[in-house]
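This report refers to the structure that appears directly beneath it.
The values are calculated or read from the model by the stated rules, or taken from the named source; none is laboratory data. Fair warning: this is a prediction, and the values are worked out from it, not measured in the lab. Positions of Cβ are backbone-derived with ideal geometry, glycine not excepted, and every protein chain shown enters the neighbour counts. The accessibility values were calculated without ligands, DNA or RNA, using every heavy atom of the protein model including side chains. Shrake-Rupley method; radii C 1.70, N 1.55, O 1.52, S 1.80 Å.
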Amino acid sequence: MIEAVLSASPLFWPGVLCSLLLAVLLSRPVGRLLRAHRAAGFLLVLALGGIVTLTLLPDTRLPLWANARYAVRQCTFDRVGPHPLAELFTATQSSLNVALFVPLGLTAALAGTWGRRVAAGSVAALIPFAVESTQYAIPALGRACDGQDLLDNYFGLALGLALGALAGPVARVLVRARRRAADRRTADRRTAHGGT
């Protein structure tokens, strides 16, 4: 299954490398925007990069005009429904669609303030719809709009939000304790050097 995904996404490795580079460069400002640790900023940028890489980069096995000519011009909703839980633990397209959106939900839930969490969660909730709409609107991508993908993406997003809601309070306490310790060390150094 994973080999099939990688063969359908020839731009996967360049997309991953670009996502990693952007995550390193933008982790601090995105962390500040979320009012969270820069690790949350890193994870958010990496998650968005992974979503773009696996869902919106064109299938380059055929020329773009061939993708547009043979594209399905409708969204498929005929086989939409929940999957058995056991299927989530095997490498299927549905389980990969779920896993792709878990980090996005996790980082939205790790934002530092309640207002930022609501805003990040609201924006994150728009992304699965935006992905499927883009796949439908731009046939040259060689992607198909599928209602099951949408359902799987929202399930992954909800799972990430739930994990973040559980881990968030612990992460925030650890970050605050680390900041207090760093502030204490800085104050001790100033005192040792005769500063105020």
Leu57 vs. criteria at pLDDT 80 or above and in a loop (DSSP other than H, G, I, E, B): yes
The one condition in (1) modelled with pLDDT of 85 or more; (2) of a type in the set (A, V, I, L, M); (3) more than 15 Å from the chain's Cα centre (by Cα) that Ala99 fails to fulfil: (3)
For Ala111: the one exception among (1) in a helix (DSSP H, G or I); (2) under 16 Å from the mean Cα position of the chain (by Cα); (3) within 24 Å of Gly31 (Cα to Cα): (1)
The listed residue being on the phi < 0 side of the Ramachandran plot and part of a helix (DSSP H, G or I), out of Ala36, Ala86: Ala86
Flag for Asp146 being touching a strand residue (DSSP E or B) at 6+ places or on another chain (Cβ under 7 Å) and at negative phi: yes
Residues within the stretch 90-108 that are touching a helix residue (DSSP H, G or I) at 6+ places or on another chain (Cβ under 7 Å), surrounded by fewer than 22 Cβ atoms within 10 Å (Cβ to Cβ) and more than 27 Å from Gln74 (Cβ to Cβ), tallied: 3
Pairs with Cβ under 7 Å, 6+ apart, first in the stretch 91-114 and in contact (Cβ under 8 Å) with a residue 60 or more places away in the chain and more than 11 Å from Leu44 (Cβ to Cβ), second open to solvent by less than 40 Å² (accessible area, probe 1.4 Å) and assigned to a loop (DSSP other than H, G, I, E, B): Gly112/Ala36
Matching residues, the stretch 125-149, being assigned to a helix (DSSP H, G or I) and touching a residue at least 40 places away in the same chain (Cβ under 8 Å): Ile127, Val131, Glu132, Thr134, Gln135, Tyr136, Pro139, Ala140, Leu141, Gly147, Gln148, Asp149
Any hit, the stretch 36-51, residues being modelled with pLDDT under 90 and not acidic (Asp, Glu): yes
Failed item in (1) closer than 24 Å to Gly147 by Cβ; (2) in contact with a helix residue (DSSP H, G or I) (Cβ under 9 Å, 6 or more places away or on another chain); (3) open to solvent by 70 Å² or more (accessible area, probe 1.4 Å), with Arg61 passing the rest: (1)
Residue in the stretch 13-30 that is surrounded by fewer than 13 Cβ atoms within 10 Å (Cβ to Cβ), of a type outside the set (A, V, I, L, M, F, W, C) and in a helix (DSSP H, G or I) present: yes
